[in-house]
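Report on the following structure.
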């Protein structure tokens, strides 16, 4: 069999395997009974992408996006065509993943050869994090696709520095930056690579590099201008960038995402407005960036130590969750429980490929530079390796070359693979943090089931959803009984009556009060718990205690007019209606 035919068969096998695995995974996760409720009721980042996409589909005015705007724009376009179909959105993610595997083949063939290209596609098809990310409403799958497409455009542009190839390369890099803003660092790197690697006279190479840089900056400037028009200030590409920087680098951090979705994150979101009295995307970002800068300058050695810990964490075989633990998909999907290769497999293989030199002369240093820039941005801007999937194309390329190098018994490849295996075996597995992550998933599931109950039309459906919410609470509290989100959610569940409606007959306000109070003992500034407990006090005829909780709430959110109105009503009731 010729190497060309064998490589194409490996590509075909990779595409078929990816389609079967991802299709079965999505079918199991989205089934009506036994599926994953978070696939039907998105939460945290997925919910933010979903809500922003719905606004776009309805043609509402532009708002400063919380995340990079490209993925919600794509998702909004889908919703405009098919309606609010979450299943369709997830199948779109599957198609994006398959396209990424297909585009990797011509790039890998040009950079590492026929057989390594086939193995690279097979590696990406089987890569466990790809299965998980391609099922979620996250932008990581799109970012990987755009990165592969940009590298493929660069490979074409380096032939003769053609203007159209440079233009396409720049636009793809600009689009990449609109998925995750840390990837904007690849724009100047890409322009420099085009200038250094293009096979053309110096003047032509310079023109191509400048053209790529300008074309890449164009969509960024367009989004920045739209954000300025929407907010009246220069924000950049998205909101909350400064907050993410602080959460990743705050003093006392152990290098893991210790500030998670829930009351702790909500309190940080409120802090700039509470301290400065002004709410604006640029003001919030500036507030957190200044806090991070001051903390780094006050104790530079501690800051450097934190960066070193985060770099070391990046080698962990555990996929650190971004908004919630992706391993939770194992509960509903048999495919997610398969022993598919993860980072602990691709990393040693990639080191083998790099060490053996099984690359085209100019592509290896470019991939190393790309991996270094992306990794540095992750270490500086995020906690642990939570967005490590951005490195998947480089890992797949290296792994494809590594498989061939190991098969040929290259000594350097075996040594490098052994070193990589030792590193991932020694890297942390976050045993202490994982129960908290698992409890967090159950808290999110509990919230999602409550939403399902509220949207249900029949009593039977509401009761079944609330039953599932209670099961989620029990599983979560067994993992982490100190999670205030679980206690707040269980207290809210007790406020539902026998027919599954909030405040109907059969609601157990006494138990709801105890559970909500427990949440506040664990987190005194938990705004949602304060609001719920005030509602409970109002129901049991203690408006004076409701006043106390609402006054405490307004210390956290003095701008909340709705809560101020609740406080006025409670004061009126506490005074006997006078």
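The values are calculated or read from the model by the stated rules, or taken from the named source; none is laboratory data. This structure is a prediction, so every number in the text was calculated from the model and none was measured. Using ideal geometry, Cβ is built from the backbone for each residue, glycine included, and neighbour counts are taken over all protein chains shown.
Brief remarks on what is shown
- Unmet criterion (only one of (1) touching a residue at least 60 places away in the same chain (Cβ under 8 Å); (2) surrounded by fewer than 22 Cβ atoms within 10 Å (Cβ to Cβ); (3) in the same structural domain as residue 397 (by TED's automatic domain parsing); (4) more than 15 Å from residue 123 (Cβ to Cβ)) for residue 307: (3)
- Restricting 439, 453, 465, 472 to residues that are touching a residue at least 12 places away in the same chain (Cβ under 8 Å), touching a helix residue (DSSP H, G or I) at 6+ places or on another chain (Cβ under 7 Å) and farther than 22 Å from residue 330 by Cα narrows the list to 453.
- Of everything listed in (1) without any contact (Cβ under 8 Å) to a residue 40 or more places away in the chain; (2) under 23 Å from the mean Cα position of the chain (by Cα); (3) part of a loop (DSSP other than H, G, I, E, B), the single unmet condition for residue 261 is (1).
- Restricting 538, 568 to those that are surrounded by fewer than 22 Cβ atoms within 10 Å (Cβ to Cβ), assigned to a helix (DSSP H, G or I) and without any contact (Cβ under 8 Å) to a residue 12 or more places away in the chain reduces the list to 568.
- Residues in the range 47-75 that are assigned to a loop (DSSP other than H, G, I, E, B) and either within 14 Å of the chain's Cα centre (by Cα) or over 23 Å from residue 133 (Cα atoms) (or both): 58, 59, 60, 61, 62, 63, 64, 66, 67, 68, 69.
- Scanning the range 360-372 for residues that are surrounded by fewer than 17 Cβ atoms within 10 Å (Cβ to Cβ) and either touching a residue at least 12 places away in the same chain (Cβ under 8 Å) or farther than 22 Å from residue 241 by Cβ (or both) yields 360, 361, 362, 365, 368, 369.
- Per-region count, the range 495-532, residues over 21 Å from residue 544 (Cβ atoms), part of a helix (DSSP H, G or I) and more than 32 Å from the chain's Cα centre (by Cα): 1
- Test: residue 254 is part of a loop (DSSP other than H, G, I, E, B) and closer than 30 Å to residue 37 by Cβ: no
- As a summary of the residue check, residue 181 satisfies the conditions (1) closer than 29 Å to residue 53 by Cβ; (2) at pLDDT 90 or above except for the one numbered (2).
- Inside the range 214-235, residues that are buried (at least 18 other Cβ atoms within 10 Å of the Cβ) and outside any helix (DSSP H, G or I) make up a count of 1.
- Hey, residue 429 at pLDDT below 90 and either in a loop (DSSP other than H, G, I, E, B) or within 30 Å of residue 110 (Cα to Cα) (or both) or not: no
- Flag if residue 482 is part of a helix (DSSP H, G or I) and touching a residue at least 40 places away in the same chain (Cβ under 8 Å): no
- When the helices (runs of 4 or more DSSP H) confined to the range 76-174 are screened for residues that are without any contact (Cβ under 8 Å) to a residue 24 or more places away in the chain and within 24 Å of the chain's Cα centre (by Cα), those reaching at least 2 such residues are found at 86-112.
- Among the numbered conditions (1) more than 20 Å from the chain's Cα centre (by Cα); (2) crowded, with 20+ Cβ neighbours inside 10 Å; (3) part of a loop (DSSP other than H, G, I, E, B), the only one that residue 399 does not meet is (3).
- Some residue of the range 197-213 being touching a helix residue (DSSP H, G or I) at 6+ places or on another chain (Cβ under 9 Å), part of a loop (DSSP other than H, G, I, E, B) and either surrounded by fewer than 21 Cβ atoms within 10 Å (Cβ to Cβ) or at pLDDT 90 or above (or both): yes
- Only a single item in (1) within 30 Å of residue 505 (Cβ to Cβ); (2) surrounded by 19 or more Cβ atoms within 10 Å (Cβ to Cβ) is not met by residue 464, and it is number (2).
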